[in-house]
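Scroll down for the structure; my scribbles are underneath it.
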Amino acid sequence: MTETSSDARRYAVIRYRLLLVDTAVSWAFLAAFQFSGASAALAGWWAQRSGSEPLVVLGYAAVFGALAYLAGFPTHLYGSYVLEHRFGLSRMTPASWVGREIKHLAVGGVLSALLLEGLYLLLRIAPTQWPFYATVGWIIISVVLVRVFPTILLPLFYKTTPVEDQELVNRLLTLCGKVRLEALGVFRFNLGAETRKANAALAGLGKTRRVLLSDTLIQEFTPEEIEGVLAHELAHYRFHHIAKLLVISAVGSWIAFAVTDAAARKWVEALGLSGLADIAGLPMLLLWLSLLGVIGLPMQNALSRRFEWQADRFAIATTLPRAFAEALTRLAKLNLADPSPPWWVVWMFYDHPPISERIQAAERA
């Protein structure tokens, strides 16, 4: 085993353990906050100071969210800063990490508040039909976020500029044309200030769709390798993977909401809540949805891995297989991808096939 693969393995093992610890801490916090009476006390405090349900939800969410963040802060700090520096992946200073964290909290806080307000509005006005309306709302929000990501969300965190290498731009836009996909252009986003990792994506919908390349990818990879990486991303559109996953997500969301509506009748009474629309029951609701998410995760990831294999085969068929294999190898080294993840980790958490299997398949081609 080379030094790089040894580092990747150690990095991955720590990541797996950190994920389990972080999940346990999150569940413990939710259970403690709900069953200790703290949630009821917080909801009651806000109810006494406001007669408006939306303001009660907003006030409760602000305090609850801050406490939840503090509960998970030690593992978050270690995973996103200490560990990344330990393995030479991060280039962030303490000041830049804090600045990015503030942006994440601001954007995440606003989006979470809007989602909570929408959910509890549905619970109040449609107590029996809310699973259907919540599913429709989730689909709409997902589509909107995909559309505005490259024009509104991404620029909040990374500076984006058009790629100046016209030969590379023409090569990539020609590849888009082969699958009859129109893209606004090829854009560079400055990931290198934060990390040595590399990434590429096809982001947006309609007039906002564009090819995104990290500066680390442009600097470290050959045009043929970048073309192979983009071909993989184009395959997801070529085979309608995004639309298929959206449909499956909608069905899964409706099932989860419907099951939640039925199960909540028991805990609502046991916790002394006025109904599912009682904000005091939010920790229990989040704990329940989190458990459902874990149950459904293996099936969701199995389908995703199947789509990723199809995308790899498309990239191999439409570009140079050797270049694609070399791109995967380089990505594995830069991102410290685990060369030999345990089967249970792949089954439970991997939405992509293990990188070593993908490299072998490309090399065989």
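The values are calculated or read from the model by the stated rules, or taken from the named source; none is laboratory data. Keep in mind the model is a prediction, meaning the values are calculated, not measured. Ideal geometry is used to build each Cβ from the backbone, glycine not excepted, and the neighbour counts take in all protein chains shown.
So which of 233, 269, 224, 220 ends up being at pLDDT 95 or above and of a type outside the set (Val, Ile, Thr)?
After ruling out the rest, the residue left standing is 224.
Does region 128-143 contain at least one residue that is in contact with a Phe, Trp or Tyr (Cβ under 6 Å, 6 or more places away or on another chain) and either of a type in the set (Lys, Arg) or loosely packed, with under 15 Cβ neighbours inside 10 Å (or both)?
no
Return the pairs, sorted by first residue and then second, in which the second residue is surrounded by 14 or more Cβ atoms within 10 Å (Cβ to Cβ) and among the β-branched types (Val, Ile, Thr), the first residue lies in region 205-227 and is within 17 Å of residue 316 (Cα to Cα), the beta carbons are less than 6 Å apart, and the residues are 6+ apart or on different chains.
Partner pairs satisfying both residue conditions: 227/319.
When you check residue 50 against the structure, is it in contact with a helix residue (DSSP H, G or I) (Cβ under 9 Å, 6 or more places away or on another chain), surrounded by fewer than 19 Cβ atoms within 10 Å (Cβ to Cβ) and farther than 30 Å from residue 349 by Cα, yes or no?
For residue 50, the condition - in contact with a helix residue (DSSP H, G or I) (Cβ under 9 Å, 6 or more places away or on another chain), surrounded by fewer than 19 Cβ atoms within 10 Å (Cβ to Cβ) and farther than 30 Å from residue 349 by Cα - is met.
Consider residue 283 against the criteria (1) within 21 Å of residue 118 (Cα to Cα); (2) more than 25 Å from the chain's Cα centre (by Cα): it satisfies all of them except one. Which criterion is unmet?
Answer for residue 283: the failing condition is (2).
Pairs only if they're at least six apart or on different chains, beta carbon under 8 angstrom, first in region 122-151 and more than 19 Å from residue 278 (Cβ to Cβ), second among the basic types (Lys, Arg) and surrounded by 16 or more Cβ atoms within 10 Å (Cβ to Cβ); list them, first residue then second.
Short answer, once both residue conditions are applied: 150/209; 150/210.
Restricting to region 18-40, count the residues that are within 19 Å of the chain's Cα centre (by Cα) and either of a type in the set (Ser, Thr, Tyr) or closer than 17 Å to residue 341 by Cα (or both).
5
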